[in-house]
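The next block holds one structure in the form of structure tokens; read it before the comments.
The values are calculated or read from the model by the stated rules, or taken from the named source; none is laboratory data. Note that the structure is a prediction, hence the values are computed from the model and not measured. Here Cβ is always computed from backbone atoms with ideal geometry, including for glycine, and neighbour counts include all displayed protein chains. All accessible areas refer to the heavy atoms of the entire protein, side chains included, with ligands and DNA or RNA removed. Shrake-Rupley method; radii C 1.70, N 1.55, O 1.52, S 1.80 Å.
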Amino acid sequence: MTQKILAAAAGLDQVQAGQLIEADLDLVLGNDITSPVAIKEMEKFRTQGVFDKDKIALVPDHFVPNKDIKSAEHCKCVREFARKNQITNYFEVGEMGIEHALLPEKGLTVAGDVIIGADSHTCTYGALGAFSTGVGSTDMAAGMATGKAWFKVPGALKFVLTGKLGKWVSGKDVILHIIGMIGVDGALYKSMEFTGDGIANLSMDDRFTIANMAIEAGGKNGIFPVDDLAVEYMKEHSGRSFRIFEADPDAVYDAVYTIDLSSLRPTVAFPHLPENTHTMDEIKTMEPIMIDQTVIGSCTNGRLNDLRCAAEVLKGRHVAKGMRCIVIPATQAIYMQAMEEGLLKTFIEAGAIVSTPTCGPCLGGYMGILAEGERCVSTTNRNFVGRMGHTSSEIYLASPAVAAASAVTGRISGPEEL
């Protein structure tokens with residue numbers, strides 16, 4: 001799928017893995033951390049302005065609302081650039097959201113697109129059958145100026161998903177299982193192509209989560225075939241036309257993995273790598289792992305189904321004494337829907353706090369920094385040393401169901417234990 005999309009964008013009949021190409025871009029994305037660097041690089045170019053004000057998206061979301069003077073200056077830089085260049089898709093406080101949840105919701109990403117973003121989790125949009133990948137700020141600058149980017153065409157890994165997920169098992173468990181199976185460099189510079197009859201049993205939120213974390217396996221991108229559910233999502237959210245690309249029956253893959261979704265269990269990635277995975281069945285045999293905080297949100301798991309799942313666990317229960325439970329809806333629209341459904345009331349009554357959309361705690365920015373020796377169960381995507389605060393703190397990556405259950409017990413727990 002990826003090779004076909006890149007060939008079309010490069011104006012070629014076909015491409016091969018390892019080939020260097022220049023492709024036309026459908027969208028260039030930046031946030032409040034990466035955009036200022038790109039903007040400063042653009043000032044060095046002969047080209048003045050951007051190639052297309054409608055094909056650039058600027059989303060301040062990491063330190064928004066601004067946490068300090070430095071973050072305020074970063075956002076000011078992006079805001080002024082957006083005004084100067086009349087950028088159509090600029091989203092900040094009041095209409096903002098976490099970029100990788102916001103752009104599909106706004107209809108800016110559709111099947112067949114070639115998308116680059118100066119953020120590694122840009123690979124999220126592969127859930128809609130697009131080629132999307134993270135780049136550095138210099139490549140973002142070149143993309144904004146020219147509407148083109150160069151790529152080395154990736155090889156591909158095929159993941160055949162069969163069956164149906166069980167209760168309390170979600171897309172987060174699927175991708176953690178895969179990363180645990182192949183390792184954090186198991187898909188290094190490869191396209192991770194997800195296929196099989198099991199995909200029909202995955203929600204769009206599940207697919208976004210799985211594609212989002214392709215980068216945690218070293219992948220260049222993650223991509224799903226475009227089925228009726230994906231088409232329905234795009235028609236609901238976007239007025240843009242889209243192109244469906246399908247892999248040939250005899251397409252060559254570097255490796256093929258078959259995964260029975262019904263066999264998967266809630267899975268947790270222990271510190272300090274996403275590949276260090278253990279199922280809840282294994283964790284039950286260990287000494288209890290006491291925790292200090294849970295975070296439910298991020299570009300990985302801050303969507304509506306994630307909040308519904310967490311609320312189902314927390315309904316009628318209370319966060320353990322001394323525990324901090326932080327819930328962050330990924331966009332304003334998700335926040336509003338969660339409010340209308342009573343989910344926010346459930347969270348607050350359970351002793352959690354609810355934040356405006358922000359990436360804050362995921363990258364150790366704000367809204368949930370960890371102190372020395374503290375442990376956090378988080379629905380985010382990375383658990384590197386010092387990722388969410390002190391270098392001696394520990395991050396356990398999990399699904400919203402496990403994070404919510406752990407908030408209730410004060411230790412790593414599955415919802416079936418409540």
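Using only Cα coordinates, the Kirkwood hydrodynamic radius of the chain works out to 21.4 Å. Amide H contacts of LEU27 (H built 1.01 Å from N, in plane; Pro and chain starts excluded): VAL114, ILE116 sit under 5 Å, all sequence-distant by 5 or more or on other chains. Taking every DSSP beta bridge that has both ends in region 19-167, the antiparallel portion is near 30%.
Its Cα centre serving as origin, the chain has a Cβ charge dipole (Lys and Arg +1, Asp and Glu -1) of approximately 780 debye.
In a fully extended conformation the segment linking ALA17 and ALA200 would gain 63.0 nm over its present Cα-Cα distance, using 0.36 nm per residue. Placing unit charges on the Cβ atoms of the charged side chains and taking the dipole of the chain about its Cα centre, the candidate lying farthest along the positive direction among HIS100, GLY351, ILE412 is GLY351. Partners of LYS345 within straight-line reach, counting aspartates and glutamates whose Cα lies under 15 Å from its Cα and excluding those fewer than 8 residues away in the same chain: GLU312. Net charge dipole, region 303-385: roughly 140 debye, given to the nearest 20, about the Cα centre with Cβ charges of +1 for Lys and Arg and -1 for Asp and Glu. The calculated pair-distance distribution of region 1-144 uses every alpha carbon pair, bins of 10 angstrom beginning at 0, and gives 12, 42, 33, 11, 2, 0 percent.
What's log10 of I(q)/I(0) for region 259-316 at q = 0.22, 0.27, 0.30 Å⁻¹, Debye sum over Cα points only, no solvent? For region 259-316, the Cα-only Debye profile gives -1.28, -1.27, -1.19. Amide H contacts under 5 Å for GLY196: LEU161, restricted to partners 5 or more places along the chain or on a different chain, H placed in the peptide plane at 1.01 Å from N. Taken as Cα centroids, region 122-163 and region 17-83 sit 17 Å apart, rounded to the nearest whole angstrom.
Given R0 = 60 Å, the distance between the Cβ atoms of ARG240 and SER262 translates into a calculated FRET efficiency of 0.95. For the pair THR356 and GLN337 in one chain, pulling the backbone fully straight at 0.36 nm per residue adds 5.5 nm over the alpha carbon distance.
The modelled label-to-label distance for the pair ILE369/VAL252, using points 7 Å beyond Cα in the direction of Cβ, is 5.1 nm. Accessible surface calculations at 1.4 Å, restricted to protein heavy atoms, place region 321-418 at 34 Å² per residue. Here the contact order of region 250-292, divided by its residue count and restricted to Cα pairs under 8 Å and six or more residues apart, works out to 25 percent.
Taken along its principal axes, the alpha carbon cloud of region 202-273 reaches lengths of 42, 31, 26 Å, longest axis first.
Hey, what did the chain get for relative contact order, percent, Cα under 8 Å, at least 6 apart? Once normalised by length, the contact order is 17 percent.
Approximating the spin labels as points 7 Å out from Cα along Cα→Cβ, the LEU229-to-LEU188 distance works out to 3.3 nm. Across region 260-375, Cα pairs under 8 Å and at least six residues apart give a relative contact order of 24 percent. Using only side-chain charges placed at the Cβ, +1 for Lys and Arg and -1 for Asp and Glu, the dipole size of region 146-207 relative to its Cα centre rounds to 160 debye. Using θ = phi - 60° in the Karplus curve 6.51 cos²θ - 1.76 cosθ + 1.60, the 3J(HN,Hα) couplings for region 364-371 round to x, x, 5, 6, x, 6, 9, 8 Hz; x is entered for Gly and Pro.
Here the peptides 15-21, 277-283, 5-11 are ranked by packing, the mean other Cβ count within 10 Å, and the order with the highest first is 5-11, 277-283, 15-21. Size descriptor for region 93-160, Kirkwood hydrodynamic radius: 13.1 Å (Cα pairs only, one decimal).
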